[in-house]
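Quick notes on the structure that follows.
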Amino acid sequence: MRLTALSFAMILALALISLSLKVVRYTQEMSTLEHVALEQQFIESVARSEWRIKNKTPMNTNESSYIYILQNESCSNPVMVSILGRDASDKYLLAQYLQQDDIVFLLNGKEVKHLSTPKLYIMSVQSNIERLYDESKPLPLALSVYNETDSAQCNFVL
């Protein structure tokens, strides 16, 4: 009896995971490319803040990841930001590119100590389901940020 219930629960869990993956795939195919939407969302967020995008530099030869160099009037040092992909598997790319270990992760504008792939994936699935009904809903915006200084004027949050 317990084995049957456990088997049923496993099949149900696999079906739900499969369905959520299909929903994610469908929403990505039907809407704007996710990386384009994330970049636009990032640019709009920066425009609403006191920061300005000074430069956009590719981090690799195929130009699939970029560093955005941001400047603020009250901060003399630039802040370097990279938009992370859907699963955040590239979360250490900025650290490797700059050869720096003190990278900060932001999720929807708030600092997180550890950016976990499952958490971001669940947020993406939820967001994509919401976007089925309303395309204006924002995607989860995960960023890796490098800041040379620790001053309050140079603290980058969106």
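Summed over the stretch 125-148, the residues that are at pLDDT 85 or above, of a type outside the set (S, T, Y), crowded, with 17+ Cβ neighbours inside 10 Å and over 14 Å from Q41 (Cα atoms) give a count of 2. When residues in the stretch 59-86 are screened for being assigned to a loop (DSSP other than H, G, I, E, B) and either surrounded by 13 or more Cβ atoms within 10 Å (Cβ to Cβ) or among the hydrophobic types (A, V, I, L, M, F, W, C) (or both), 5 of them pass. When you go through L106, L120 one by one, which is the residue that is outside the structural domain of I17 (by TED's automatic domain parsing), assigned to a helix (DSSP H, G or I) and without any contact (Cβ under 8 Å) to a residue 60 or more places away in the chain? Every option except L120 fails the conditions.
The values are calculated or read from the model by the stated rules, or taken from the named source; none is laboratory data. Everything numeric here is computed off the predicted structure, so don't read it as measured data. Glycine gets a Cβ as well: all are built from the backbone with ideal geometry, and neighbour counts include every protein chain shown.
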